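Trainee: Starting off with a structure, shown below.
Quick note: the coordinates plus some simple rules give every number you see, no bench work behind them. All values derive from a computational prediction rather than experimental measurement. Don't worry about glycine lacking a Cβ; one is built from the backbone with ideal geometry, like all the others, and counts go over all protein chains shown.
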Ligand code: SF4
């Protein structure tokens, strides 16, 4: 019977740099594979976020409707949710667009429609709708731990996961944890 704890990683409004740093754990990934079962991740096959995940690392700010729905699903289905990297923790680079109007952003990025009308958010029904602001993860769901860095280093990620698997709060100067 499978007894390893489960680990998931999620990519919301981020650049994937935090996940690249995760991969930078290099040979430690082999040890991690012995210790956990990776049940969902951009670097794995599963397409549906599963129930009853023990630890979920979430990269990126919440910037569109899909991010928001995913954040709530992650919270419902995860025992521990870790805000993974500065975009998830503070909004960081992703939140730089917050000083601009969403309509202006889309119009600038995509230009006018073929009939000459300016592009507005409602014109994009087939893509995720941008939220008025990109927000840190903890503004939309409760978060259990904060892992700072842009990106966090492989050593920080390894340390945080190892401590969480041991049921401990990492005593690391730039990792802040809240258990409740
Ligand atoms: S924290 Fe830095 S590395 Fe991570 S998603 Fe944001 S910009 Fe990219």
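Trainee: Output the peptides 38-48, 75-85, 138-148, 55-65 sorted from most to least packed, where packing is the average of other Cβ atoms within 10 Å over each peptide's residues. Display every interim value, and only then the final one.
Mentor: Values: 38-48: 13.1, 75-85: 21.9, 138-148: 18.9, 55-65: 25.6.
For the peptides 38-48, 75-85, 138-148, 55-65, the packing ranking is 55-65, 75-85, 138-148, 38-48.
Trainee: Would you mind classifying the stretch 1-100 by shape? Square roots of the alpha carbon gyration tensor eigenvalues, ordered a ≥ b ≥ c; an a/c under 1.5 is rounded, otherwise it is prolate if a/b is larger than b/c and oblate if not.
Mentor: Oblate is the answer for the stretch 1-100, as a/c is 1.5 or above yet b/c matches or exceeds a/b.
Trainee: Still on this model: Taking a virtual spin label 7 Å from the Cα of residue 153 along the C-beta vector, which residues in the stretch 2-39 bring their backbone nitrogen under 15 Å of it?
Mentor: Residues 21-22, 24-26 qualify, since their backbone N sits under 15 Å from the label point.
Trainee: Same structure, new question: Between residue 2 and residue 129, how many nm apart are label points set 7 Å from Cα along the C-beta direction?
Mentor: Distance between the two pseudo-spin positions: 3.6 nm.
Trainee: On a full-extension model of 0.36 nm per residue, what is the gain between residue 108 and residue 139, subtracting their alpha-carbon distance, rounded to one decimal in nm?
Mentor: 8.4 nm
Trainee: Run the numbers on the stretch 1-96 and let me know its relative contact order in percent, using alpha-carbon pairs under 8 Å that are six or more apart.
Mentor: 34
Trainee: Hey, rough spin-label estimate for residue 33 and residue 100, points 7 angstrom out along Cα→Cβ, what's it come to in nanometres?
Mentor: Computed distance between label sites residue 33 and residue 100 equals 4.1 nm.
Trainee: How high is the relative contact order of the stretch 1-54, given as a whole-number percent (alpha carbon pairs under 8 Å, six or more residues apart)?
Mentor: 51
Trainee: Now a separate question. Please label the shape of the stretch 1-51 as rounded, prolate or oblate, based on the square roots a ≥ b ≥ c of the eigenvalues of the alpha-carbon gyration tensor (a/c under 1.5 means rounded; beyond that, a/b larger than b/c means prolate, else oblate).
Mentor: In terms of gyration-tensor shape, oblate.
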